[in-house]
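Just below is one structure, and these are the notes that go with it.
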Amino acid sequence: AKNCAYCPYSRFPVGAALLTAGGEIFSGCNVENACYSLGVCAERTAIQKAISEGHTSFKAMAITSDMGDNFIVPCGACRQVMREFGTDWDVYLTKADGTYIMKRLEEKKKLLPLSFKPEDLKK
């Protein structure tokens, strides 16, 4: 998929592809703003697009950038938004050369340990 990231300030394009439980794919890109705090990451863009189309159950997400030798990882805000929709899905962290590692939100190799979850609001 074409990455249409809008990143004139960081010059750091990020793309994400989200696979729903029903097999649909929603893509996302980062969209920056001159007021930095109003920007949105690729992962949240993909999730928000899926939610706006009625999907709340996800199987996997792949995150990519052209940052070279390092794996791209979601920021803390994106990890928290991802956690809102469960932990039973795979997250593929990729490099520009196509190599990747697969993580889960909560397991042995956690992306978001001790996460705040919707159930915590009921305590």
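The values are calculated or read from the model by the stated rules, or taken from the named source; none is laboratory data. Every value quoted in this text rests on a predicted model; they were computed, and no experiment measured them. Methodologically, a virtual Cβ is constructed for each residue, glycine included, from the backbone with ideal geometry; neighbour enumeration extends over all protein chains shown. The protein model used for the area step is the full one, side chains on, heavy atoms only, and it has no ligands, DNA or RNA in it. Shrake-Rupley method; radii C 1.70, N 1.55, O 1.52, S 1.80 Å.
Arrange the peptides 28-34, 75-81 so that the one whose residues have, on average, the most other Cβ atoms within 10 Å appears first.
Working: 28-34: 17.9, 75-81: 15.6.
Descending mean neighbour count gives 28-34, 75-81.
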Mind checking segment 1-78 for trypsin sites (Lys or Arg not before Pro) that DSSP puts in a loop (not H, G, I, E or B) and that have at most 15 other Cβ atoms within 10 Å?
2, 11
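Rolling a 1.4 angstrom probe over the protein heavy atoms, how many square angstrom per residue are accessible across the chain? All intermediate terms of the calculation are to be shown ahead of the outcome.
Working: 7370 Å² over 123 residues.
That works out to 60 Å² for each residue.
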Pick from 101, 63, 72 the residue whose mean-square fluctuation is largest in a GNM of the chain, springs joining Cα atoms under 10 Å.
101
Inter-probe distance in nm under a simple model that places probes 7 Å from Cα toward Cβ, at residue 25 and residue 9
3.0 nm
With all protein chains present, segment 2-121 has a carbon and sulfur share of its accessible area (1.4 Å probe) in percent of 55 percent
Tell me, what ³J(HN,Hα) does each residue in segment 65-80 have, in order and in whole Hz, if you take phi through Karplus 6.51 cos²θ - 1.76 cosθ + 1.60 with θ = phi - 60° and put x for Gly and Pro?
7, 9, 7, x, 7, 10, 6, 8, 10, x, 6, x, 5, 5, 4, 5
Out of all DSSP beta bridges with both ends in the chain, state the antiparallel percent to the nearest 5.
75 percent
Calculated FRET efficiency for the pair residue 122/residue 69, C-beta based, R₀ 30 Å, to 0.05
0.10
Placing each pseudo-label 7 Å from Cα in the direction of the beta carbon, residue 60 and residue 96 end up separated by a distance in nanometres of 2.4 nm
